[in-house]
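Down below is the structure, laid out as structure tokens.
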Amino acid sequence: MHLDPARVRVHREQSAELPSALRRLDITIDGGDRAIILENKPWAMEQPDQIRGYVDHAVRYYGDRFVLLFLTPSGREPQSIPAEAWSRLVAAGQAGTIAYNGAVRRWLEDCIRECQADRVRWFLRDFAGYLAEKFGDGDEEEVVDPDSA
């Protein structure tokens, strides 16, 4: 998904008014008429209908111009949206899962190889080590390509 850098705003803990509750989207990268929404679940499970509500929120504000990425240790699929609905979103390039112990760690390792600043490289190594310690070495994830959305 292409976002115009001049229009991009990043929001943390953005309110999402849902019929059953007021919830907060972890990170929204808002491009004006499109967005990337990140839901971070390193330990906690979702609340009832949480992801389904986030999708409803995204549709209300962005139509079909959004990608919802669900980050977990293993890349599991969310439980708070019907599996068929999640599968449709994934097939449309509007949703995907990312594993801390897979794609995120591999991305950090790529960054470590490319980084020329020693202090930043050490930080990245420490972070990659933390992820390995907390979430293991698994490699199960399905990652959406935001450029295909």
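What the table shows:
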{"quantity": "First in the stretch 49-63 and at positive phi, second anywhere and modelled with pLDDT of 90 or more, Cβ under 7 Å, 6 or more apart", "calculated": "ASP49/SER80"}
{"quantity": "Residue that is nearest to the chain's Cα centre (by Cα), among those in the stretch 35-69 that are part of a loop (DSSP other than H, G, I, E, B) and of a type in the set (Asp, Glu)", "calculated": "GLU46"}
{"quantity": "Options GLU46, GLU39; residue that is closer than 22 Å to GLU13 by Cα, touching a helix residue (DSSP H, G or I) at 6+ places or on another chain (Cβ under 8 Å) and acidic (Asp, Glu)", "calculated": "GLU39"}
{"quantity": "Enumeration of residues in the stretch 52-73 that are closer than 26 Å to GLY136 by Cβ and of a type outside the set (A, V, I, L, M)", "calculated": "PHE70, THR72, PRO73"}
{"quantity": "Qualifying position, being among the small types (Gly, Ala, Ser) and either in a strand (DSSP E or B) or surrounded by fewer than 16 Cβ atoms within 10 Å (Cβ to Cβ) (or both), among GLY102, GLY32, GLY93", "calculated": "GLY32"}
{"quantity": "Members of the stretch 109-138 that are without any contact (Cβ under 8 Å) to a residue 12 or more places away in the chain and in contact with a Cys (Cβ under 7 Å, 6 or more places away or on another chain)", "calculated": "ARG121"}
{"quantity": "Residue within the stretch 75-96 that is more than 30 Å from PRO48 (Cβ to Cβ) and at pLDDT below 90 present", "calculated": "no"}
{"quantity": "Some residue of the stretch 116-124 being modelled with pLDDT under 95 and not in a helix (DSSP H, G or I)", "calculated": "yes"}
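Listed here are the residues, each with its yes/no results for (1) touching a strand residue (DSSP E or B) at 6+ places or on another chain (Cβ under 7 Å); (2) loosely packed, with under 15 Cβ neighbours inside 10 Å.
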site	(1), (2)
HIS2	no, yes
VAL8	yes, yes
ARG24	yes, yes
ILE27	yes, no
LEU38	yes, no
LYS41	yes, no
GLU46	no, no
ASP49	no, no
ARG52	no, no
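The values are calculated or read from the model by the stated rules, or taken from the named source; none is laboratory data. Just so it is clear, the model here is predicted, and its values are computed rather than measured. Every residue, glycine among them, receives a Cβ derived from its backbone with ideal geometry; neighbour counts consider all protein chains shown.
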